[in-house]
Amino acid sequence: MIRHTEERLAGTRACARAHTHTNTPRPAFAGALLADANGNVLLEHTNAVEATRDATEHAELGLVRRASSHLPPETVARSYMYCSGEPCGMCACAIFWVGIPRLTYGSPGSYLGELAAQPGFKDREHPLAAGAPPVAAESVLVGANALGIERVVEGGVLLQEAKAVHAGYWLPPDAGAPQHG
Ligand SMILES: [Zn+2]
């Protein structure tokens, strides 16, 4: 793991918070960032589902699409991706297709499922609130290793900080956020 991990993960949370006063009515809860091996930030992107009313406007997918269309393939092939939370199955597949080899994230997808089970969860129509299981990013990306394409995935980094961003978005301010999981 490169030495800039904590700084870059903090950057994904800052990226999410930055949208609070721009074009979203509520703070975004997910940010994604792409860096080179020296920790230099190449791209960053924020969840824009509310702003665009497009349910696929996840921070990770937006970042991956920009990386694929704007960066040289050899740069992408040596890049490091950081996400405030675990990418969903859709985004993990996109990461696979563009060939980003290293992924580090904060809170696991299962934590979003825990929040969705809370009485105050703000979006009862969210797929997770209906019980849809998240697809683990690691199962998608590390599965590629069987094809001889090495992917390195590390989750749960700066876990409590990452969870706080999610809980602050999905639950009312006075709700006690679940801390396990
Ligand atoms: Zn996603």
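Annotations for the structure displayed:
- The spread of Cα positions in the stretch 120-174, taken along each principal axis and listed from longest to shortest, comes to 47, 27, 10 Å.
- Of PHE96, PHE29, the sequence from fewest to most neighbouring Cβ atoms within 10 angstrom is PHE96, PHE29.
- If only the Cβ of Lys and Arg carry +1 and only the Cβ of Asp and Glu carry -1, the dipole of the stretch 44-181 around its Cα centre is close to 180 debye.
- Cα centre as origin, Lys/Arg/Asp/Glu Cβ charges: the stretch 62-124 dipole, Debye: 160
- Exposure proxy shown here: for ILE100, ILE95, ILE149, the number of other Cβ atoms within 10 Å sets the order, fewest to most, as ILE149, ILE100, ILE95.
- Placed amide H near VAL135: partners under 5 Å, 5+ positions off or other chain: GLY89
- Volume per residue of the C-alpha convex hull in the stretch 60-159, rounded to whole Å³: 99
- Contour minus Cα-Cα distance for CYS93 and ARG124 (0.36 nm per residue): 8.6 nm
- Pairwise FRET efficiency - ASP174 versus SER139, Cβ, R0 = 45 Å, nearest 0.05: 0.80
- Phi angles across the stretch 110-123 convert, under the Karplus curve 6.51 cos²θ - 1.76 cosθ + 1.60 with θ = phi - 60°, into 3J(HN,Hα) values of 5, 5, 4, x, 5, 5, 5, 7, 7, x, x, 3, 7, 10 Hz, Gly and Pro given as x.
- Exposure proxy for TYR82, TYR169, TYR111: other Cβ atoms within 10 Å of each Cβ, ordered fewest to most, give TYR169, TYR111, TYR82.
- With the simple model of a label 7 Å out from the Cα in the direction of the Cβ, ALA117 to ASN40 spans 4.6 nm.
- Amide H contacts of LEU43: LEU34, each under 5 Å away and 5 or more positions distant or on a separate chain (H built 1.01 Å from N in the peptide plane; Pro and chain starts excluded).
- Relative contact order of the stretch 27-181, pairs being alpha-carbon contacts under 8 Å that are 6 or more residues apart, as %: 22
- Couplings 3J(HN,Hα) for the stretch 89-103, derived from phi with the Karplus relation 6.51 cos²θ - 1.76 cosθ + 1.60 (θ = phi - 60°), are x, 4, 6, 4, 5, 5, 4, 4, 5, 8, x, 6, x, 10, 10 Hz, where x marks Gly and Pro.
Since every read-out is calculated from the coordinates, none of them should be taken as a lab result. Computed from a predicted structure; not experimentally measured. Because the Cβ atoms are built from the backbone with ideal geometry, glycine has one as well, and the counts that use them run over all protein chains shown.
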